[in-house]
Every structure is written in structure tokens, then in C-alpha cells.
């Protein structure tokens, strides 16, 4: 099992929807609740992730899945990378 950044899918769930973060080649990508793809730096990913993990922002649930341990995560990662996944709010 590989433990490289491109194997993980980070999902943030809010009252208003869901955002996904994943490594796509040399960069991180954010998929917004409306399904928009945006490039993100590692620092931007951490700035969104750390407050939720620390409990500094209530109402945010964080889920990190590895593609080799979760078949659904692997399929979703492949769909997100291909750009044919549904809007994040429905996943």
C-alpha cells in the first residue's frame, strides 16, 4: 500500500454542502459544493483542514479516506480527477 498524498481523499462536510480535496499530479485540487474545480496549494488545504480538526470551527466534519482501504474512495478519486464526478454536495 502506498502512503503518498495522491492516495488520499479529504472531504469536509458543512451544513451548506461538501468539499473534496485531493492530489492531482503536482498540485492539490479542491472541488467545491457546486462542483467547481479549483487548484489549491498545500497551505490552502491545511488552512481549511486544521480548524476543523482542532474543533475551532463547529459544524464541520472531516473525513480522510485512502483509495486502497476504501473502494468507494478510489472510484470517487478517479471520477474527480477525470472531471466527471457529480457536484460535491451530492457525494
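Bear in mind that the values in this text are calculations on the coordinates, not laboratory data. Because the structure is a prediction, the values reported are computed rather than measured. Here Cβ is always computed from backbone atoms with ideal geometry, including for glycine, and neighbour counts include all displayed protein chains.
Looking at the stretch 5-90 alone, DSSP beta bridges between its own residues are antiparallel in about 100 percent of cases. From most to least packed by mean Cβ count within 10 Å, the peptides 34-42, 52-60, 17-25, 69-77 give 17-25, 69-77, 34-42, 52-60.
In this simple spin-label model, placing a label point 7 Å from the Cα along the Cα-to-Cβ direction at both residue 58 and residue 8 gives a separation of 2.7 nm. When Rg and the Kirkwood Rh are both derived from Cα coordinates, the Rg/Rh ratio for the chain amounts to 0.94. Under the criterion of Cα pairs below 8 Å and six or more residues apart, the relative contact order for the chain equals 33 percent.
Per residue of the chain, the DSSP helices (runs of n ≥ 4 H) give a summed -39500 (n - 2.57) that works out to -8500 deg cm²/dmol at 222 nm.
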